[in-house]
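K.L.:
Can you keep this structure in mind? I'll have questions shortly.
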Amino acid sequence: MRVYIGIDDTDSKHSMCTTYVGAVVMKRAESLGARRADYPWLVRLNPNCPFKTRGNAAVCIPLDLEPPRFEEVWDTVVETVMELADTGRGADPGVVAFDAETRSHLHEFYLKAVRELVDLEETVELCESNSLDYWAVGESRGLIGAVAAVGAIEETLTTYELLAYRSKVMWGKERLVDPESVKEMDRMFGQLTFDNYDYEKDEVRVTPHTPCPVLLGIRGLNPDVLPYALSTLKLGEPIEFYEVFRTNQATDLHYVTCDIGSIRPLTSVVIRGRVVRSPTVTQGGHVFFEVSDGSGRVVVAVYEPTGEIRRVVSKLVLSDEVVVFGSVKEKPEGLTVNLEKLKVLRLADLIVERAPRCPHCRKSMKSVGKGKGYRCRRCGFYGPDLNKVSVKVGREIVEGFYEVAVSARRHIVRPLSLHEQDAAEHL
Ligand SMILES: [Zn+2]
């Protein structure tokens, strides 16, 4: 019998990581005779969810087991979650089990949990009517992610992450993974892994900054190379074990393409429009501009931590045609889209008016007075009928795709480096 175990919300801001709980659950289930039916799944849900601890990730463990063993495995799963979850400091863990048949009813719920917000009532209903069993503490909010993870559509789980865990004595201590070895690994496995290093900000990206059991995570497209990538790193400490997860990270699955007039808060959207208010740069380095598509207009916010992309955004002008990828936030001024990726489709002509040039010596002329023509400053030529001329000036940016710095990018957003590979595959 195929059983899918979903687990979520075992971590708090202070400790634990649901992937670790999932990995330990998997080991213990295997010791009871269950067999892994796939890699464990690391499932990212709506990154705008206001209840998330950090990256809003849940875990699903697909297992094959003999039906009489289910109860024993289930009890072990629940005991493990009770033992490891950081309850009392903010974790409200939820655990669910579904079989293959009932899981198929959860796909829609999964997509909704990635793209919108789902409510607890609907979740509990699904558990009561379909699950093999479910268990939760506190407000039971953990059930939402647990059910969504079990409902994950396999075609959307197209990337992998190897997570290496620290021994318990190291939890909360500084990570000493050698940055040079990370860059070297990135060079060696560049095409098969991603987000190892933020070259823009000169920062290691494989290590988290939280006091959780994770030493590091290596993301990639091929699960088999990840252990080799790990073996090249200078870790600075022994690892307890590692596990490779199959994930929906870097898939853009959270985006919904829509008209500006129909965007809603706490969703992630792709909107296409024209720049209708030129970018302004605040003292803190944030850039704001406005786009319209006829159905409405919206402010696009590009905050300081997004890095270099702000240089491009600040050079946009009225009528530039763009596609904006971002998350919708409700601000006192109205809805705002926080930029994650930008496609500049078509740059508008930038026309400036300036004084005419002298027909004799080509020097720029000086206005004599409104409607009174221009006089040359060098040779003195006077043209009473001369007017300002419109000149097309070169643009400082080029059409194309731009993204925020690696360190500002959300787990579920697809990096441009992978767009390039996607395009190459379709040639
Ligand atoms: Zn002249």
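K.L.:
Would you mind calculating the relative contact order of the chain from Cα pairs under 8 angstrom and at least 6 residues apart, reporting the percent as a whole number?
P.N.:
14
K.L.:
Scattering from the C-alpha atoms of the stretch 67-132 alone, worked out with Debye: what is log10 I(q)/I(0) at q = 0.12, 0.16, 0.28, 0.29 1/Å?
P.N.:
-0.40, -0.71, -1.18, -1.19
K.L.:
Per 10 Å bin, what is the whole-percent P(r) computed from every C-alpha pair distance within the stretch 350-396?
P.N.:
30, 46, 20, 3
K.L.:
Shifting gears a bit: Mind ranking 370-383, 117-130 by how tightly packed they are, going by the mean number of other C-beta atoms within 10 angstrom, highest first?
P.N.:
Ranking, from highest mean packing down: 117-130, 370-383.
K.L.:
Quick check: Cα centre of the stretch 130-195 to Cα centre of the stretch 1-59, how many Å?
P.N.:
8
K.L.:
Per 5 Å bin, what is the whole-percent P(r) computed from every C-alpha pair distance within the stretch 102-233?
P.N.:
Pairs per bin, as whole percents: 2, 9, 16, 14, 13, 14, 13, 11, 6, 2, 0.
K.L.:
Same structure again: How long are the semi-axes of the equivalent ellipsoid of the stretch 224-361, defined as square roots of 5 times the Cα gyration tensor eigenvalues? Whole Å, largest first.
P.N.:
40, 23, 15
K.L.:
Quick one: check the C-alpha center-to-center distance for the stretch 374-395 versus the stretch 63-105, whole angstrom.
P.N.:
After rounding, the separation between the Cα centres reads 79 Å.
K.L.:
OK, next. Quick one: angle between helix 120-130 and the longest Cα principal axis of the chain, in degrees between 0 and 90, rounded to 10, please.
P.N.:
So the helix axis and the longest Cα principal axis differ by about 40 degrees.
K.L.:
Now for a separate question. Given the DSSP H assignment, sum -39500 (n - 2.57) over each helix run of at least 4 residues in the chain and divide by its residue total; what's the result at 222 nm in deg cm²/dmol, nearest 500?
P.N.:
Calculated mean residue ellipticity at 222 nm is -6500 deg cm²/dmol.
K.L.:
Subtracting the Cα-Cα distance from 0.36 nm times the residue separation, let me have the gained length for Asp64 to Glu425 in nm, one decimal.
P.N.:
Between Asp64 and Glu425, full extension yields an extra 126.6 nm.
K.L.:
What's the Kirkwood radius of the stretch 2-156 in Å, using all Cα pairs?
P.N.:
On the way: mean 1/r = 0.0672 Å⁻¹.
This gives a value of 14.9 Å.
K.L.:
Need one number: nm distance between label points at Asp198 and Arg264, each 7 Å from Cα along Cα→Cβ, rounded to one decimal.
P.N.:
Taking the simple label geometry, Asp198 and Arg264 are separated by 3.2 nm.
K.L.:
Report the extension gain between Leu32 and Arg297 in nm, rounded to one decimal, defined as 0.36 nm multiplied by the number of residues separating them, less their alpha carbon distance.
P.N.:
Taking Leu32 through Arg297 to full extension adds about 89.6 nm, to one decimal.
K.L.:
In units of 2.2 N^0.38 Å, what is the alpha-carbon radius of gyration of the stretch 266-344?
P.N.:
Compared with the compact-globule rule of thumb, the stretch 266-344 sits at 0.97.
K.L.:
Residues of the stretch 109-141 with the amide nitrogen closer than 17 Å to a label point 7 Å from the Cα of Asp99, along Cα-to-Cβ, please.
P.N.:
Within reach of a label on Asp99: 127-134.
K.L.:
Also, quick follow-up: Tell me the label-point distance for the pair Glu333, Lys173, using the 7 Å Cα-to-Cβ offset, in nm and rounded to one decimal.
P.N.:
It works out to 4.8 nm between the two label points.
K.L.:
In whole percent, how big is the carbon plus sulfur part of the accessible area of the chain, probe 1.4 Å, protein atoms only? Display every interim value, and only then the final one.
P.N.:
Details: 9860 of 19720 Å².
Here it works out to 50 percent.
K.L.:
Counting heavy atoms of the protein chains only and a 1.4 Å probe, report the per residue accessible area for the chain as a whole number of Å².
P.N.:
That works out to 46 Å² for each residue.
K.L.:
Quick one: work out the % antiparallel among DSSP beta bridges in the chain, nearest 5.
P.N.:
Here the share of antiparallel DSSP bridges comes out near 90 percent.
K.L.:
By how many nm would the segment from Val352 to Asp224 lengthen if fully extended, with 0.36 nm per residue of separation less the alpha-carbon distance?
P.N.:
That works out to 40.4 nm of additional length.
K.L.:
Spelling out what I want: for every residue of the stretch 276-291, take phi, set θ = phi - 60°, compute 6.51 cos²θ - 1.76 cosθ + 1.60 (Karplus), and round to whole Hz; glycine and proline get x.
P.N.:
Along the stretch 276-291, the couplings run 10, 9, 5, x, 10, 10, 7, 4, x, x, 7, 10, 10, 9, 10, 10 Hz.
K.L.:
Now a separate question. Could you work out, for the stretch 276-427, what percent of all Cα-Cα pairs fall into each 5 Å distance bin, beginning at 0 Å and stopping at the bin that holds the largest distance?
P.N.:
2, 8, 14, 16, 13, 10, 8, 8, 7, 7, 5, 3, 1, 0
K.L.:
Now for a separate question. In degrees from 0 to 90, rounded to the nearest 10, what is the angle of the helix 416-425 Cα long axis to the longest principal axis of the chain?
P.N.:
For helix 416-425, the angle is close to 80 degrees.
K.L.:
Related question: Please report, in Å, the Rg and the Dmax of the stretch 5-82, where both are computed over Cα atoms only.
P.N.:
13.2, 41
K.L.:
Also, quick follow-up: Could you pull out every one of the aspartates and glutamates with an alpha carbon less than 16 Å from that of Lys372, ignoring same-chain neighbours closer than 8 positions?
P.N.:
Asp385
K.L.:
Ok, one more. Which FRET efficiency value, to the nearest 0.05, do you get for Glu155 and Lys392 by plugging their Cβ-Cβ distance into 1/(1 + (r/R0)^6) with R0 = 41 Å?
P.N.:
0.30
K.L.:
Continuing with the same structure: Percent of alpha carbon pairs in the chain separated by more than 27 Å?
P.N.:
When every Cα pair of the chain is considered, 59 percent fall beyond 27 Å.
K.L.:
How large is the convex hull of the C-alpha atoms of the stretch 159-247 per residue, in Å³?
P.N.:
Once divided by residue count, the hull of the stretch 159-247 is 90 Å³.
K.L.:
How long, wide and thick is the stretch 253-293, going by the Cα atoms along their three principal axes, in whole angstroms, largest first?
P.N.:
Ordered largest first, the stretch 253-293 gives principal extents of 33, 20, 15 Å.
K.L.:
Here is a further query. Convert each backbone phi in the stretch 337-344 into a coupling constant with the Karplus relation 6.51 cos²θ - 1.76 cosθ + 1.60 (shift: θ = phi - 60°), then list the ³J(HN,Hα) values in order as whole Hz, x for Gly and Pro.
P.N.:
Karplus values, whole Hz, x for Gly and Pro: 9, 7, 5, 10, 9, 9, 10, 8.
K.L.:
Starting from the Cα of Glu237, step 7 Å along the direction of its Cβ; do the same at Val276; then give the gap between the two resulting points in nm.
P.N.:
Modelled inter-label distance: 5.3 nm.
K.L.:
I've got another one for you. Using alpha carbons only, what's the Rg to Rh ratio of the stretch 342-427 with Rh from Kirkwood?
P.N.:
My calculation puts Rg/Rh at 1.37.
K.L.:
How many percent of DSSP beta bridges within the stretch 188-291 run antiparallel, rounded to 5?
P.N.:
75
The values are calculated or read from the model by the stated rules, or taken from the named source; none is laboratory data. Bear in mind the structure is a predicted one, so any value in this text is a computation, not a measurement. Every residue, glycine as well, gets a Cβ built from its backbone with ideal geometry; the counts of neighbours run over all protein chains shown. Please note that ligands, DNA and RNA were not included when accessible areas were found on the heavy atoms of the full protein model with its side chains. Shrake-Rupley method; radii C 1.70, N 1.55, O 1.52, S 1.80 Å.
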